[in-house]
Amino acid sequence: MPSLRELLGFGKSEGANNLVILNGYPLAVVVAISLHILLLGGLVYLQSSSQSQALELIQPTVIKALLIEENPQITNQRNQDNRRLEAKRKETERVNAAAQKKREEQAAERKRQEEAAQKREQQRVAKQRADARVKAEREKTLAEEERKKREAEKRREEQAQRERESRQQREREDAQDAAAAEAASSEFELIQSATGLIQQLVTENWSRPPSARNGMRAIIQIKMLPTGELVDVIITQSSGDPAFDRSAENAVYRAAPFAELTALPIRVFNQNFRTLSLIFQPEDLLN
């Protein structure tokens, strides 16, 4: 069984590689040696207490407990490296977290902008529709006002036209009335003039018989042509004295034809002179 010195590597001269420097760690060495001793004792006890089979105690392989003390500078350097790595890891995590947060914020901002743009587009479309409705209503109102204005203008024009036509009709009627009055006056004058002329001619050609007396009266109806020629002479009312009646008929025949009637309008002649009655009285010759 190797001695403690051998276990510690002091019994052999195998060079500097097997040299262990106890740099102030006696408790760790003692603990390691104690554990090995306990382990060996346990193995020996188990071998000796076996009843069924005698086993030859095999010498265990020498176990060298080498305690290598690490240089504090290396430890510090490793610790610093670990801290740097941990700091770098944390910084990477922080950077990644910040990048992830930034990406999330950018995604949220894009989403917000998209929603805002969509909302603005919806508002724009709604505004366009509202503006279109307002424009359509305004155009409809303007069209209705324009239609009413045209209708009112048309009614005014129609009223003015009716008033013009009524005024023109009144003017025509007034002119016709004036013309008719003038024509009637002229016609009356023509009738009076022609009748007076006939009466004068007949009176000039009438010789009253000696039997004529005041109060006698004979009515002679004469029929004439537009040329003034006689067609017929009829006594429609006798005076009661045949001589008086015949003298009246003779006066008409002697006065005819009445050439002055040719100057009368045919309408005036037909209405007033185609058939004419003459009244014969001794005092005067009246129509």
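What the phi angles of region 238-250 give under the Karplus curve with 6.51, -1.76 and 1.60, with θ = phi - 60°, is a coupling list of 7, 7, x, 10, x, 5, 5, 5, 5, 5, 5, 5, 4 Hz, glycine and proline written as x.
Computed from the Cβ-Cβ distance with R0 of 30 Å, the FRET efficiency linking Phe188 to Tyr253 stands at 0.60.
Evaluating 6.51 cos²θ - 1.76 cosθ + 1.60 at θ = phi - 60° for every residue in region 265-281, the Karplus couplings come out as x, 4, 5, 5, 5, 5, 6, 10, 10, 5, 10, 10, 9, 10, 9, 10, 10 Hz, glycine and proline recorded as x. Modelled spin labels at Arg246 and Gln77, positioned 7 Å past Cα toward Cβ, are 19.5 nm from each other.
Compute the length gained on full extension between Leu197 and Gln128: take 0.36 nm times their separation in residues and subtract their Cα-Cα distance, giving the result in nm to one decimal. List each step's numbers first, then the result.
Numbers: separation 69, 0.36 × 69 = 24.84 nm, distance 9.78 nm.
Stretched fully, the Leu197-Gln128 segment lengthens by 15.1 nm.
Excluding residues on the same chain fewer than 8 positions from Lys148, give the lysines whose Cα lies under 27 Å from its Cα. Here the lysines satisfying the reach criterion relative to Lys148 are Lys135, Lys140. Placing dummy labels 7 Å off each Cα toward the beta-carbon, the span from Val29 to Arg112 is 6.9 nm. Modelled label positions at Ile234 and Asn270, each set 7 Å beyond Cα in the direction of Cβ, lie 2.0 nm from each other. Summing +1 for each Lys or Arg and -1 for each Asp or Glu among the other residues whose beta-carbon sits under 14 angstrom from that of Glu146 gives +2.
Determine, from the Cβ-Cβ distance of Glu283 and Glu163 and an R0 of 45 Å, the FRET efficiency 1/(1 + (r/R0)^6), rounded to the nearest 0.05. E between Glu283 and Glu163, to the nearest 0.05, is 0.15.
When each of Arg217, Arg84 is scored by the number of other beta-carbon atoms lying within 10 Å, the sequence from fewest to most is Arg84, Arg217.
Values in this text are rule-based calculations from the coordinates and carry no lab data. Just so we're clear, the structure is a prediction, and the values are computed from it rather than from any experiment. For neighbour counting, all protein chains shown are included, and Cβ atoms are generated from backbone atoms with ideal geometry for every residue, glycine included.
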